[in-house]
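Just below is one structure, and these are the notes that go with it.
What follows draws every value from the coordinates through simple rules; no lab data is involved. Note that the structure is a prediction, hence the values are computed from the model and not measured. Methodologically, a virtual Cβ is constructed for each residue, glycine included, from the backbone with ideal geometry; neighbour enumeration extends over all protein chains shown.
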Amino acid sequence: MVPVGVEIKETEVSDEDFEEMKGFVRDYLAASVEGEDDGGRMRWYPWHSASYRFNHILNVVDLATEIAEAEGADVDVVRVAAVFHDVAKLEAEQDVHAEAGARVTREYLQSRGNYPESFIEEVCGAVVDHSYTGDLDDVPLESRCLIEADVLDKVGANGAVLMLLRMGYESRTHMDAAKMVDRVLQRAHDHTERVVSDTAESIAHQRIKRVKWLREWLEEEVSRMDAEGVTDR
């Protein structure tokens, strides 16, 4: 007999079930770009590829789970929403990809396993909410954990390297590296102002510190090369 006042958790997503979800999302993203001409929807940018998008999703899953565990959110809801949050990113327009992703998520959860409708609603709600740009105090805790994780993946070493990769596509030289990293720092500060949980703020500050170090090293070493008249061969 369950003691009075103890909440009964309706569902628990097994590791096996979660691995199947990840496999489905990976394959769905790959199928979304099959047959596209090179350059379609900027696929030549690495962060618009299926492989990058899936890697981003895995990063968000890890971050969202960490935040959810620390903040007392429903971890099952958060991690399932995280793995599906960008499932439709490569086939839908940016302004509707969250709603499209929620439809894919609902179809998957209703056709696989025996998930309660209340669980499906919470997961789909978080998927829709992940593109919300307003005050994070206005969304459910689970949605907030996902949103914070999503923005934090763009901060730190990962965001800095992606910005440096962008230099080549924009025909920039290494001399612009420090300036490009400045963009990451500015975005990081903007995101830090938006997050509200102590856990997300702590992660953000750690990541900003890493980018600041990188920026200082780049400025020192690239400036020295410039001063000594070193040029590209």
In this structure, the FRET efficiency calculated for F18 and E193 from their beta-carbon separation, with R0 = 25 Å, to the nearest 0.05, is 0.15
Row for the stretch 49-162, column shape: gyration tensor on C-alpha, a ≥ b ≥ c, rounded if a/c < 1.5 i.e. under 1.5, prolate if a/b over b/c, else oblate; value oblate
For the pair R210 and S111, the simple spin-label estimate (label points 7 Å beyond Cα toward Cβ) gives in nm 3.7 nm
Computed from the beta carbon distance with a Förster radius of 30 Å, FRET efficiency for K179 and S202 to the nearest 0.05 stands at 0.60
